[in-house]
1. Along Cα→Cβ, 7 Å out, is where each label goes; now give me the distance between the ones at THR67 and GLU137 in nm to one decimal.
2. Under a point spin-label approximation (7 Å from Cα along Cα-to-Cβ), what is the LYS119-LYS86 distance to one decimal in nm?
3. So for segment 70-179, what percent of the C-alpha to C-alpha distances run longer than 25 Å?
4. Net charge near SER109, counting Lys/Arg +1 and Asp/Glu -1 over other residues with Cβ under 12 Å of its Cβ?
5. How much length, in nm to one decimal, is gained on full extension between ILE112 and THR157, taken as 0.36 nm per residue of separation minus their Cα-Cα distance?
6. Classify segment 74-138 from the C-alpha gyration tensor, please: rounded if a/c falls under 1.5, else prolate or oblate depending on whether a/b exceeds b/c.
7. Could you work out how much longer the chain between SER52 and ASN149 gets when fully extended? Use 0.36 nm per residue separation minus the Cα distance between them, nm to one decimal.
8. May I ask for the distance between the Cα centers of segment 113-179 and segment 55-92, given as a whole number of Å?
Amino acid sequence: MRRLSMLLVPGLVSVALAAGPVLTSAYAAGSDEPSPPKSDSSAKKGKKKSSSVSDPKFLAAYRTAYTTIYDKHDYTDAIGQLKQLKRDDVADVANLIGYSYRKLGDYQSSKIYYEIALKDDPNHVRTWQYYGLWQLEQGNREQAQYHLNKIASLAGTDSSEYRSLAAALDKPTGATLVY
């Protein structure tokens, strides 16, 4: 598999360079619409959550936070917006909070939210990608490789999440990661 990625990466880099920011933002962006939670423990106990992920107000607020992250790069404001949703138990929401904390350099908080996301949805591909990038930033190349293998098993090696993390893993240790 490593040999295959070594063959594919130069081609992907060429495509990425030709495509410019369009391809780069697609790799990082994820989705501007959250998936329903996979495990909603409060619903099982008869409690109603303060906002449903299908509620139009919730969706509008989620999309605003999403735009704050990926278009404005205002991670601090986005964290506040996402936490106001009171649904950080939803994988997409927790993942974006984790991503924002990671971009701010708060790796401990980022880790907590990535783990919340994976608790809600163990197959949440974007979280495996972002957490793999987190692992690389921490110098944990073996763990990042584990995350890459997990993405391959969930979404395949042609997925943008796989390609993004594979490209980051192919950079030498200590190289500045840009994603």
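Laboratory data are not the source of any read-out in this text; all were calculated from the coordinates shown. Owing to the predicted nature of the structure, the values given are computational and were not obtained by experimental measurement. Here the Cβ positions follow ideal geometry from the backbone for every residue, glycine too, while neighbour counts run over all protein chains shown.
1. 2.5
2. Label at LYS119, label at LYS86, 1.9 nm between them.
3. Working: 980 of 5995 pairs.
So the portion of pairs separated by more than 25 Å is 16 percent.
4. Charge balance in the 12 Å sphere: +1.
5. So the chain would gain 13.5 nm between ILE112 and THR157.
6. oblate
7. 31.7 nm
8. 22
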